[in-house]
1. So, of the residues in region 126-181 that are within 11 Å of P218 (Cα to Cα) and open to solvent by 30 Å² or more (accessible area, probe 1.4 Å), which turns out to be modelled with the lowest pLDDT?
2. Can you give me the number of residues within region 34-74 that are open to solvent by 70 Å² or more (accessible area, probe 1.4 Å) and either among the hydroxyl-bearing types (S, T, Y) or under 15 Å from P116 (Cβ atoms) (or both)?
3. Within region 106-124, restricting attention to residues that are of a type in the set (G, A, S) and assigned to a loop (DSSP other than H, G, I, E, B), which residue is least open to solvent (accessible area, probe 1.4 Å)?
4. Any idea how many residues of region 224-240 are hydrophobic (A, V, I, L, M, F, W, C), within 14 Å of the chain's Cα centre (by Cα) and open to solvent by 40 Å² or more (accessible area, probe 1.4 Å)?
5. Kindly list, by first and then second residue, each pair from a residue in region 77-90 that is closer than 10 Å to S164 by Cβ to a residue that is assigned to a loop (DSSP other than H, G, I, E, B) and open to solvent by 20 Å² or more (accessible area, probe 1.4 Å), limited to pairs with Cβ atoms under 6 Å and residues at least 6 apart or on different chains.
6. State all residues of region 125-184 that are touching a residue at least 40 places away in the same chain (Cβ under 8 Å), β-branched (V, I, T) and part of a strand (DSSP E or B); if no residue qualifies, say none.
7. Being among the charged types (D, E, K, R), under 17 Å from the mean Cα position of the chain (by Cα) and closer than 22 Å to T46 by Cα is the requirement here; does K185 meet it?
8. Scan region 133-192 residue by residue and report those that are closer than 21 Å to P231 by Cβ and either in contact with a Gly (Cβ under 6 Å, 6 or more places away or on another chain) or charged (D, E, K, R) (or both).
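The values are calculated or read from the model by the stated rules, or taken from the named source; none is laboratory data. Note that the structure is a prediction, hence the values are computed from the model and not measured. For neighbour counting, all protein chains shown are included, and Cβ atoms are generated from backbone atoms with ideal geometry for every residue, glycine included. What goes into the accessible areas is simple: the full protein's heavy atoms, side chains included, and nothing from ligands, DNA or RNA. Shrake-Rupley method; radii C 1.70, N 1.55, O 1.52, S 1.80 Å.
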Amino acid sequence: MKKSILFLMLIVLQIGISQTQPQIKDYPLKAMDLVLFSFGMEQPITIGSTSDLGEIHLNFPNDLNFISDEVKANFMSDTAFTLFSKCDNSYDILSEAENGKAVNAGYISLSSKNNPYSGMLYMVTDEILLPWLEDTYSNNAVAGSYFELVYVISDFNYQGQCTSTVSNTENDTIETTYNYDLQLKAGFNFIEYKIESVAEHEVPSMYDENVFDKIMKPSKITVTSSQSTPPTTMWIGKYF
């Protein structure tokens, strides 16, 4: 009886592991390295791999000692600029003591020996976010989450709110509220941008003069952090 219970527990554990293993949707390639070019094309950072089936195995480096201090200095910015660049008061959010160094890691790239830039990955909770992520000016924003990677030199915590204001036309201003709850660990962190609500605005057409298009823009975004993405995250590839 005990052996039967143990066997069932192992099966349940195996099912749980298989369900939480991230996988690229409709993956058409073979096994690839997962690479970041946060510090330029000459300094690739391998953060894991994908199998022939598109299963994702992340393995972030413990440090970036293989990248020179000169290269880091060229690419890294103040934490305030990296995390709060969209805020109207971005340079006033952190004190000088709080404002360390960070860099937006950029897209996760699919890389092989024959093709170091075979594609890139989007991380979203709903595929309908992709058109907006690819062109935030012309396409409608929708409720849902998208994820980015950032690298910080040291641990960083912040809770607060800011506003992004963009004067769109004489009679229309796009205003977005960002609510932050960040607990970043030194190294790589996932940042979740959860679009809570959207509002309609009229923006000048990119194709016709004196014509305005009605577009949905984010009005409230909640920003949180973690060392992994939630199980509901969809990994969508774009291939070259």
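1. Taking the candidates together, the pick is T136.
2. Residues in region 34-74 being open to solvent by 70 Å² or more (accessible area, probe 1.4 Å) and either among the hydroxyl-bearing types (S, T, Y) or under 15 Å from P116 (Cβ atoms) (or both): 3 in total.
3. Filtering first and then ranking leaves S118.
4. Of the residues in that region, 1 qualify.
5. That search, which allows pairs on different chains as well, returns F84/I93.
6. The answer is V150, V152, T163, T165, T169, I174, T176, T177.
7. It is true that K185 is among the charged types (D, E, K, R), under 17 Å from the mean Cα position of the chain (by Cα) and closer than 22 Å to T46 by Cα.
8. E148, D181, K185, E192 - these are the residues of region 133-192 that are closer than 21 Å to P231 by Cβ and either in contact with a Gly (Cβ under 6 Å, 6 or more places away or on another chain) or charged (D, E, K, R) (or both).
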